[in-house]
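Novice: Can you read through this structure? Questions will come right after.
The values are calculated or read from the model by the stated rules, or taken from the named source; none is laboratory data. This one's a predicted model, so the numbers in the text were calculated from it and none came from an experiment. Cβ coordinates were reconstructed from backbone atoms using ideal geometry, including for glycine residues, and neighbour counts include every protein chain displayed.
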Amino acid sequence: MRGEPKSLRSEYIRYIIPSILAQWVYTLYTAVDGLFVAKGVSVTAMTAINIASPFVTAMFALSLMFAVGTSTVVSISLGEGRKEKANEIFSQNFAFLIVLSLLISGLLFWKLEELALFLGATKATLPYVTKYIGTIAPFAVVFIVSYSFEILLKADGHPKKATKIVMVGVILNCIMDYLLVIVFPLGVFGAAIATALSQVGVTALYLRHFLSKEAVLHFTRFHFSGRTIVRAMKNGLSSGITELSAGLTVYFFNHAIAAYLGDEALVSYTIINYVNALYIYSMTGIAQGSQPLISFYHGKKEKSATAKLLRYGLITAAGFAAVTVVLSVFGGGLLAKLFIPADLTHLRNYTVHALRIFCISFVPAGFTVVLAGYFASIEHAGKAVSITIGRAIAVMLLVLVLMTRVFGGEGIWWTTPISESICLVYAVILFIKGKARDAAD
């Protein structure tokens, strides 16, 4: 953050558009892998990548938790005029993530097959799942560090540059996928290597920025502070859980679908999950894009500015929800044709049916994610975490169990619309109570 914006709305737009685009690009990493594998190998292999996706999501969630938490603390420090303190916090975050990434890589090699089975790999998909995760494991450090740098580059005042770098990554991924899956038929291994190498390139570009004179944040000597780590974790936990929620949803849904509907329905869910991930990551982009601004004005004690930024975020979320629902209802058939072969017409039709039910969840989900991000940005971590845990684990899992027991497999597709609506009501209650408390003070 370089200083006080002249126009709050224009500054919001300047931050929000690159943030949303960056989230779309991250969504494309998995979707592109799935599309190339579906065309170059089989829909079973594509399903295996979906089964492995909670592992990739977990890495991104861990990175996001520390990145958003660190970005919040850094932005507040810059708002208070404490630049050197911001640099120390930034540097400690980088060092901590490297150590954490190396530990994760070691654990993955040790328990690779056990992890694949835990994620829900079946007899048919197990070889593909272990190959995909095992190939990515040595590159855990670049996955985690690159995502963290993308968030912190926004806090550094360069949201457009962050988006450009991420777009370079997805272009590299597409090129490498085509070469390593289609031209040189390396299958799932080729898709995994393509994704990993694109992350290596992206990380190098981020490092180049933070080592340059253009950067506001710089690497510097620091004294390790456990208190700073905990503060970052608290402030970033809700965002991390939001990111992880997509992976947890995939994990629980994969197991439920395999039990109630069978392997073919897993193909349908893989495609639906691409749409869901694109939408949820868009909402995460709204929350992340406005976070540095909200935190900055919170540090300056300007409540009217933070309130306006929240309103902008909710309006943006409403617009995205409307567009995504319409496209899901009327464009589901085209999406199914893109992934599913023509000889599986029944599977295409079933995918369209399930998507039209599932897309109802997009309306409440958008508002809930934006509200949770707002609470995290003003350091109301407890509220943010409680909302996000409800979305990701507690409410969703409870509704999934109840719906499958009462309605069987069909109840799976209604789970997310119902659970997201419940969580939105809870988030609104927290917000209203907070406003009433502020008014009383």
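Novice: Inside segment 174-214, can you point out the residues that are polar (S, T, N, Q), touching an Asp or Glu at 6+ places or on another chain (Cβ under 8 Å) and within 25 Å of Tyr15 (Cβ to Cβ)?
Specialist: Across segment 174-214, there are no qualifying residues.
Novice: Then there is this: With respect to the numbered conditions (1) without any contact (Cβ under 8 Å) to a residue 12 or more places away in the chain; (2) touching a Gly at 6+ places or on another chain (Cβ under 9 Å); (3) of a type in the set (Gly, Ala, Ser), which one is the sole condition not fulfilled by Gly289?
Specialist: (1)
Novice: Separate question: When only residues in segment 8-38 that are within 26 Å of Ile182 (Cα to Cα) and among the aromatic types (Phe, Trp, Tyr) count, which is surrounded by the fewest Cβ atoms within 10 Å (Cβ to Cβ)?
Specialist: Step by step, filter segment 8-38, then rank; the result is Trp24.
Novice: Look at Arg311 and say whether it is in a helix (DSSP H, G or I), charged (D, E, K, R), within 21 Å of Val68 (Cα to Cα) and free of Cβ contacts under 8 Å to residues at least 40 places away in the same chain.
Specialist: Numbers: in a helix (DSSP H, G or I): yes; charged (D, E, K, R): yes; within 21 Å of Val68 (Cα to Cα): yes; free of Cβ contacts under 8 Å to residues at least 40 places away in the same chain: yes.
Judged against the criteria, Arg311 is a match.
Novice: If you don't mind, another one. For Gly262, are the conditions met, namely being within 19 Å of Ile49 (Cα to Cα), without any contact (Cβ under 8 Å) to a residue 12 or more places away in the chain and surrounded by fewer than 17 Cβ atoms within 10 Å (Cβ to Cβ)?
Specialist: yes
Novice: Something else: Given the residues Phe252, Phe222, which is the only one that is farther than 21 Å from Ala140 by Cβ and crowded, with 19+ Cβ neighbours inside 10 Å?
Specialist: None of the others qualify; the one that does is Phe252.
Here's the yes/no breakdown for (1) surrounded by 21 or more Cβ atoms within 10 Å (Cβ to Cβ); (2) β-branched (Val, Ile, Thr):
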| residue | (1), (2) |
| --- | --- |
| Thr72 | yes, yes |
| Ile76 | yes, yes |
| Glu80 | no, no |
| Trp110 | no, no |
| Thr125 | yes, yes |
| Thr135 | no, yes |
| Ile144 | yes, yes |
| Tyr147 | yes, no |
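Novice: Could you please give the count of residues in segment 308-348 that are over 21 Å from the mean Cα position of the chain (by Cα), exposed (fewer than 13 other Cβ atoms within 10 Å of the Cβ) and β-branched (Val, Ile, Thr)?
Specialist: Result for segment 308-348: 2.
Novice: Turning to a different aspect of this structure: Exactly one of (1) assigned to a helix (DSSP H, G or I); (2) within 28 Å of Gly34 (Cβ to Cβ); (3) out of contact with any helix residue (DSSP H, G or I) (no Cβ under 6 Å at 6 or more places or on another chain) is unmet by Thr130. Its number?
Specialist: (3)
Novice: For segment 350-367, indicate whether the set of residues that are over 30 Å from Ala155 (Cα atoms), surrounded by fewer than 17 Cβ atoms within 10 Å (Cβ to Cβ) and either of a type outside the set (A, V, I, L, M, F, W, C) or under 24 Å from the mean Cα position of the chain (by Cα) (or both) is non-empty. Spell out how you get there, then give the answer.
Specialist: Applying the first criterion (over 30 Å from Ala155 (Cα atoms)) to segment 350-367 yields 350-361.
If we keep only those that are surrounded by fewer than 17 Cβ atoms within 10 Å (Cβ to Cβ) as well, we get 353, 356.
Now restrict to residues that are either of a type outside the set (A, V, I, L, M, F, W, C) or under 24 Å from the mean Cα position of the chain (by Cα) (or both): 353, 356.
Scanning segment 350-367 turns up at least one residue that is over 30 Å from Ala155 (Cα atoms), surrounded by fewer than 17 Cβ atoms within 10 Å (Cβ to Cβ) and either of a type outside the set (A, V, I, L, M, F, W, C) or under 24 Å from the mean Cα position of the chain (by Cα) (or both).
Novice: Moving on to the next point. Look through segment 144-187, keep the residues that are aromatic (Phe, Trp, Tyr) and under 15 Å from Ser63 (Cα atoms), and return whichever of them is modelled with the highest pLDDT.
Specialist: Phe149
Novice: Within segment 93-100, is even one residue surrounded by 20 or more Cβ atoms within 10 Å (Cβ to Cβ), modelled with pLDDT under 85, closer than 30 Å to Ala381 by Cα and in contact with a Leu (Cβ under 6 Å, 6 or more places away or on another chain)?
Specialist: Checked against the condition, which is being surrounded by 20 or more Cβ atoms within 10 Å (Cβ to Cβ), modelled with pLDDT under 85, closer than 30 Å to Ala381 by Cα and in contact with a Leu (Cβ under 6 Å, 6 or more places away or on another chain), segment 93-100 yields no hits at all.
Novice: Now a separate question. Kindly indicate whether any position in segment 349-357 is basic (Lys, Arg), modelled with pLDDT of 90 or more and part of a helix (DSSP H, G or I).
Specialist: yes
Novice: If you don't mind, another one. Within segment 20-41, identify whether any single residue is assigned to a loop (DSSP other than H, G, I, E, B), aliphatic (A, V, I, L, M) and modelled with pLDDT under 85, and answer yes or no. Let's see the steps before the verdict.
Specialist: Quick first cut of segment 20-41, residues assigned to a loop (DSSP other than H, G, I, E, B) only: 41.
After this cut, where a residue has to be aliphatic (A, V, I, L, M) as well, the list is 41.
Checking which are modelled with pLDDT under 85 leaves us with 41.
The answer is yes; a qualifying residue exists.
Novice: Criterion first (modelled with pLDDT of 90 or more and buried (at least 24 other Cβ atoms within 10 Å of the Cβ)) does Tyr297 satisfy it?
Specialist: Against the criterion (modelled with pLDDT of 90 or more and buried (at least 24 other Cβ atoms within 10 Å of the Cβ)), Tyr297 does not qualify.
Novice: It is to be established whether one or more residues within segment 402-420 are within 20 Å of the chain's Cα centre (by Cα), in a helix (DSSP H, G or I) and surrounded by fewer than 18 Cβ atoms within 10 Å (Cβ to Cβ).
Specialist: no
Novice: Take Val370 and tell me if it is touching a helix residue (DSSP H, G or I) at 6+ places or on another chain (Cβ under 6 Å), closer than 25 Å to Ala232 by Cα, surrounded by 14 or more Cβ atoms within 10 Å (Cβ to Cβ) and at pLDDT 90 or above.
Specialist: yes
Novice: Just checking, does segment 200-210 include any residue being among the charged types (D, E, K, R), over 19 Å from the mean Cα position of the chain (by Cα), assigned to a helix (DSSP H, G or I) and surrounded by fewer than 21 Cβ atoms within 10 Å (Cβ to Cβ)?
Specialist: For segment 200-210, residues among the charged types (D, E, K, R), over 19 Å from the mean Cα position of the chain (by Cα), assigned to a helix (DSSP H, G or I) and surrounded by fewer than 21 Cβ atoms within 10 Å (Cβ to Cβ): present.
Novice: Okay, moving on. Run down Ile241, Ile165, Ile229 and say which single residue is touching a residue at least 12 places away in the same chain (Cβ under 8 Å), closer than 28 Å to Ile389 by Cβ and surrounded by 23 or more Cβ atoms within 10 Å (Cβ to Cβ).
Specialist: The conditions single out Ile241.
Novice: Restricting to segment 311-348, name every residue that is of a type in the set (Phe, Trp, Tyr) and out of contact with any Phe, Trp or Tyr (no Cβ under 8 Å at 6 or more places or on another chain).
Specialist: Phe330, Phe339
Each row is one residue, and each column tells you yes or no for (1) farther than 27 Å from Lys337 by Cα; (2) of a type in the set (Ser, Thr, Tyr); (3) not in a helix (DSSP H, G or I).
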{"position": "Ile229", "(1), (2), (3)": "yes, no, no"}
{"position": "Thr249", "(1), (2), (3)": "no, yes, no"}
{"position": "Ala259", "(1), (2), (3)": "no, no, no"}
{"position": "Leu266", "(1), (2), (3)": "no, no, no"}
{"position": "Tyr274", "(1), (2), (3)": "no, yes, no"}
{"position": "Leu278", "(1), (2), (3)": "no, no, no"}
{"position": "Leu293", "(1), (2), (3)": "yes, no, no"}
{"position": "His298", "(1), (2), (3)": "yes, no, no"}
{"position": "Thr306", "(1), (2), (3)": "yes, yes, no"}
